[in-house]
1. Taking only pairs six or more apart or across chains, which ones have beta-carbon atoms under 8 Å, a first residue in the range C:106-133 that is over 21 Å from C:I186 (Cα atoms) and among the aliphatic types (A, V, I, L, M), and a second residue that is open to solvent by 10 Å² or more (accessible area, probe 1.4 Å) and in a helix (DSSP H, G or I)?
2. If A:F88 satisfies all but one of (1) surrounded by fewer than 24 Cβ atoms within 10 Å (Cβ to Cβ); (2) of a type outside the set (S, T, N, Q); (3) over 18 Å from C:A271 (Cα atoms), what's the number of the condition it fails?
3. For the range A:233-248, state whether one or more residues are within 30 Å of B:L79 (Cα to Cα) and surrounded by fewer than 24 Cβ atoms within 10 Å (Cβ to Cβ).
4. What are the residue pairs meeting all of these: first residue in the range C:182-210, first residue closer than 22 Å to C:T427 by Cβ, second residue of a type in the set (K, R) and open to solvent by 10 Å² or more (accessible area, probe 1.4 Å), Cβ atoms under 7 Å, and 6 or more apart or on different chains?
5. Looking only at residues that are in contact (Cβ under 8 Å) with a residue 60 or more places away in the chain and acidic (D, E) in the range A:396-441, which one is surrounded by the most Cβ atoms within 10 Å (Cβ to Cβ)?
6. Pull out all pairs, ordered by first then second residue, where Cβ-Cβ is under 6 Å, the residues are six or more apart or on different chains, the first lies in the range C:269-287 and is more than 7 Å from chain A (Cβ to nearest Cβ), and the second is assigned to a strand (DSSP E or B) and of a type outside the set (V, I, T).
7. Can you tell me how many residues within the range A:157-193 are under 17 Å from A:G114 (Cβ atoms), aromatic (F, W, Y) and open to solvent by less than 10 Å² (accessible area, probe 1.4 Å)?
8. Counting residues that are more than 30 Å from A:F377 (Cβ to Cβ) and at pLDDT 95 or above, which helices (runs of 4 or more DSSP H) fully inside the range A:221-303 reach at least 3?
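The values are calculated or read from the model by the stated rules, or taken from the named source; none is laboratory data. Note that the structure is a prediction, hence the values are computed from the model and not measured. Note that each Cβ is placed from the backbone with ideal geometry, even for glycine, and that neighbours are counted across all protein chains shown. Each accessible area value is taken on the protein alone, full model and side chains, heavy atoms only, with ligands, DNA and RNA left out. Shrake-Rupley method; radii C 1.70, N 1.55, O 1.52, S 1.80 Å.
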Amino acid sequence: MAESTNMRLRLPLLCIILEVILIILFGALVEYNDDTHAKLWNANKSHSATRDDYENEFYYRYPSFQDVHVMIFVGFGFLMTFLQRYGFSSVGFNFLIAAFSLQWATLMQGFFHGMHHGKIHVGVTSMINADFCTGSVLISFGAVLGKTSPVQLLVMAIFEVTLFAVNEFILLSMLGANDAGGSMTIHTFGAYFGLMVTRVLYRPNLDKSKHRNSSVYHSDLFAMIGTIYLWMFWPSFNSAITNYGDPQHRTALNTYYSLAACTLATFAFSALVNPEGKLDMVHIQNAALAGGVAVGTAGEMMLTPFGSMIVGFLAGTISVLGYKYLTPVLESKLKIQDTCGIHNLHGMPGVLGAVVGAVTSALASPGVYGDGLQRVFADAETGKWNPQSRGGFQAISLAVTLGMALFGGLVTGFILKLPIYGAPPDTHCFEDGLYWEVKTFQYHFYTQENQTNMVTVELTPASAKGSKVQEIH
Amino acid sequence: MAESTNMRLRLPLLCIILEVILIILFGALVEYNDDTHAKLWNANKSHSATRDDYENEFYYRYPSFQDVHVMIFVGFGFLMTFLQRYGFSSVGFNFLIAAFSLQWATLMQGFFHGMHHGKIHVGVTSMINADFCTGSVLISFGAVLGKTSPVQLLVMAIFEVTLFAVNEFILLSMLGANDAGGSMTIHTFGAYFGLMVTRVLYRPNLDKSKHRNSSVYHSDLFAMIGTIYLWMFWPSFNSAITNYGDPQHRTALNTYYSLAACTLATFAFSALVNPEGKLDMVHIQNAALAGGVAVGTAGEMMLTPFGSMIVGFLAGTISVLGYKYLTPVLESKLKIQDTCGIHNLHGMPGVLGAVVGAVTSALASPGVYGDGLQRVFADAETGKWNPQSRGGFQAISLAVTLGMALFGGLVTGFILKLPIYGAPPDTHCFEDGLYWEVKTFQYHFYTQENQTNMVTVELTPASAKGSKVQEIH
Amino acid sequence: MAESTNMRLRLPLLCIILEVILIILFGALVEYNDDTHAKLWNANKSHSATRDDYENEFYYRYPSFQDVHVMIFVGFGFLMTFLQRYGFSSVGFNFLIAAFSLQWATLMQGFFHGMHHGKIHVGVTSMINADFCTGSVLISFGAVLGKTSPVQLLVMAIFEVTLFAVNEFILLSMLGANDAGGSMTIHTFGAYFGLMVTRVLYRPNLDKSKHRNSSVYHSDLFAMIGTIYLWMFWPSFNSAITNYGDPQHRTALNTYYSLAACTLATFAFSALVNPEGKLDMVHIQNAALAGGVAVGTAGEMMLTPFGSMIVGFLAGTISVLGYKYLTPVLESKLKIQDTCGIHNLHGMPGVLGAVVGAVTSALASPGVYGDGLQRVFADAETGKWNPQSRGGFQAISLAVTLGMALFGGLVTGFILKLPIYGAPPDTHCFEDGLYWEVKTFQYHFYTQENQTNMVTVELTPASAKGSKVQEIH
């Protein structure tokens, strides 16, 4: 409590040092790949003497990249603006840690699985992968939202990106797992990492900021901007780095159906769990997206629209039920304060997606996939195809991910607990005014003496701190 | 009035039943098409022994699909958030009925004109078509906005999607009509269907909710998000399912010019019809889009930028004049309560678009189109080309569409009139609190005893129902 | 002050006259190009007997166009909604002048460097170029925001678009300059043109509208929508009209890294220059974008990710420092009232980008670029390659741009000073109510007698003009 939240030295120092390190490492290690290098493009190509400029991978990956990019910056950013006084921080810190993470991820992912003669090669595919890794950090951000300083968030990103790259390397390169849309690598990892961090950072007196830990009318509409963009572009997300041709096309299609079915389940259960049958914005904003998470692994497989819709419906259902019944228990019993309910949107649906992926892999056969089998499963290409063992490796991948996430979150949580980052006091969580110049504040008054009606008005405080407000009546 | 608006059983039951039916029908009838199926892609292709994965239609249709998708979910959703207390419902119910409609449309459109050996084949083109059909339902939603329960909206969608598919089948398959951007199939159909529904559901006492049937400052800004996205992506909408090559390119270009000219007309007439020369947000939000509607049929033809701009200018003009002079008359004389003024945005501009399409078709000739004639007109491909009769068929298509829409809207309206859907009472139209958990409300007070100034404040009611507010002064 | 701001005749007359002129000129001069014309597409192509419809430039330029289009209409439009009472005008006038400018730019750019046998050929590339030119006008709009009538803005656009096309012709066609992302043609030109206009229109009594020249909580969130969209799509902007293949791919990549580094610099310096270490929304909304401006010329060159990050970091730094220390001086000493601080976002970063472009050009060599040299530098293609003189021409281009912008802004400023456009009086700048039907206003009250706390409430005035408000205490 006594710790100052003044960011004047801490934040600039950390940002500048990190960026200088990034610039030096990029200077030493990063090179244009064949499709972005003036000299290498259209030179020494093995598969064709002369290539048309139209065949540059830019034209086949960049539209997907832009959709993913929108999800990362607008989708995640605005989804978290639902809190009444935390809109600047939600979209602003999202912006900051995403801008850092995508640079750091380029290095870490390049280091673990993209080195060519000692250099990291970059192009549109590395951009997508870096954005994916960033997504994982932003998921974790959702768990600690409102309770952390920007310095803490950057430190969390340093560790989480690194571990993400290690886990991704184990899954994709060592275990040969399929996880194009990242049910495991992105969602499960990001969720359980974040949940463990917020567990370690448990605040027994968070009640003191309870009145700010909710939405107001227009903040919920801003959040819907995030929701809708995530929902619309999720087909692009899941298909962004599949193989070209039918796998990419099929992944987008499966995700589209999964999300549509998920949305109906979300509305159904949101009304059902409310005594008056009223819909809850929290469910619509979040659970309707679980269908995208849950086909993140199997989406590129022959899941069929039928299968996708079942998975989506299931994901929406467990997500709403999680928000209603599980989140309060997690907080009261396990001391996990999960601001955005990432366990319901990314955690459980991510695990569901991993399981669906394992089962769908185990059921894959040349009879169903034909020659397309090797466009989906790398094992089939190398001739070591064995669907049951593939399914097994997928299951192992889930276990590895859970282990890495929980362990990484534990260590990172303790690092973030050091009293040096300017974290907000318990009385000022979920409050933009701590880290931002806020010209107007919203304040709450009771209009009746029995305190049943609260009036919200916006104030321009003359002095930034401790301005007392005379109540209206 | 006595009818309960509690959705606790009705909405979940309907959603779950519908989704289960959808899943069963998808399981029985829907298959991946050649471009999304692992086995069929790159196998048994007639036109080429080996196809490059880059030639998958995904890469040539999916960017258009995503733009259309944004229009359906962000464009329509946010356009309707202009009402002061109906933002959750606007964007939320838009989300729900769109998620349902796109699934149901896939089946209905597949059934009427996409069956292959008893199966419906799906891919990116079916995704675009399903979104198109959904757009039609959302247009009708605009007419009944604020006056219907989500259950009513889903029931309306069931019928409207079905009839849309029938009408589309008659126009495109039987009459061989051109209507790539849907001036007839989407806009005219959706508008007159919705107008007839709202006519049947006429509420003589809607005045009781009059104070909520308007915007506040920030709700108008949210609505502009919808407007701008619709405006920007309309070139993608009109060109999304044209033939490849010059027709798609030309359609986007024509729509771009039509919209630009329309916008200048909208600003001009909005200022002109106001005694003080002030612009009206309602016009800017809506009429500026009429240019996209009005080139929905002729956009793929050799309309020329010159012709497109004339059509756009005309569309903007009639749309503003419609809002100013026709809508009040429709309500007072014909008892058509058109919340969003869809008659001005989709109805009249849709009919204009159909007429422009008929005329442009009748004027088409090999001299102007060269070999490109058959890339625009299917008749030319089959050798039965006769521009005058083509123009005639286009005109017949408009008549069929109007008939189908009015008849369908009439029947659907009476079905929706049954007192079983939990429709809002006349006193609580345009009110989110009926179907949503709303944490804060905006209330209006007079600050002067002569009631000239109204103060809007947000309240957090302690008890959800009937909380009386002590007035400020 | 005595001048009426009534737009009833002025705005409609100007809009209608301009659109009629545009339509006539389009009818006389504009034709479909080879890729949009039904007859010419797939006919008389030199490089190939039969072309696949997939090779239409639509598929390789249109996704970039759409991203640029979003930046122009959503990006610029919402970025300027930060003012508390000027949201309608920001997004609305942005819409109007952009819709006009893109038509006028098509003619002017076509006239100066796109005539084919006396006709202007249009297609997706002309659409991108027209949007680019429009961007320049919108930059200037930022300088005069809140202080001009829509008629003034349209008149400004007429002149600025014309001069933009002349300057672009001199730079690209006569000097052979590289400027794919428009550091010079768009940003430097738009910024210094706008700064000169606002200098000429200097209002010594602007203080009278001071209380409206700031943001409120939610207006800052709307502005962040603009910021984030500009940030995300800037890689598409800079790469939209480069040559195909590696240059386009590389430009997107360089811009992505420049922006990421810029964002960290922005957060760092925003906290550093604030006594309490608090972040300022103005910096985040604007300076974080300077990295995109600063690689607008060199982005297509072999700048490397390393170089891009250094440039981006520098751009963010000077932009924040400019907002903090230079803008107040410009206003007090040079009488330049720059509402949005375009000097910091477009002016200085644009000049930086021009310098970086000149240096990077001067360092280019066949050793680094290989055969790719001619895909970046037109000189190399024509065999007149001399990197030092190329660098020199780039530097001359900057000087020409500055001269054209300052001279053009001076003349245009004096034209705009004529008292015939209905400009807002000093007391009513930054106020939507002057030109828009505004149903509710926000008013400010003091809640304490010592006037330290100001309450903002929204009012619905019964009479539109001069409604006095009874203060709440």
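1. Within 8 Å, the pairs are C:I120/C:L29; C:I120/C:F111; C:I120/C:S126.
2. Here A:F88 clears every test but (3).
3. No, there is no match, as no residue in the range A:233-248 is within 30 Å of B:L79 (Cα to Cα) and surrounded by fewer than 24 Cβ atoms within 10 Å (Cβ to Cβ).
4. C:R199/C:K335; C:V200/C:K417; C:L201/C:K147; C:L201/C:K417; C:Y202/C:K335; C:R203/C:K147
5. So, considering only residues that are in contact (Cβ under 8 Å) with a residue 60 or more places away in the chain and acidic (D, E), the one surrounded by the most Cβ atoms within 10 Å (Cβ to Cβ) is A:D432.
6. Matching pairs, first to second residue: C:S270/C:L279.
7. Residues flagged as under 17 Å from A:G114 (Cβ atoms), aromatic (F, W, Y) and open to solvent by less than 10 Å² (accessible area, probe 1.4 Å) within the range A:157-193 amount to 1.
8. Passing ranges, in order: A:246-272, A:281-286.
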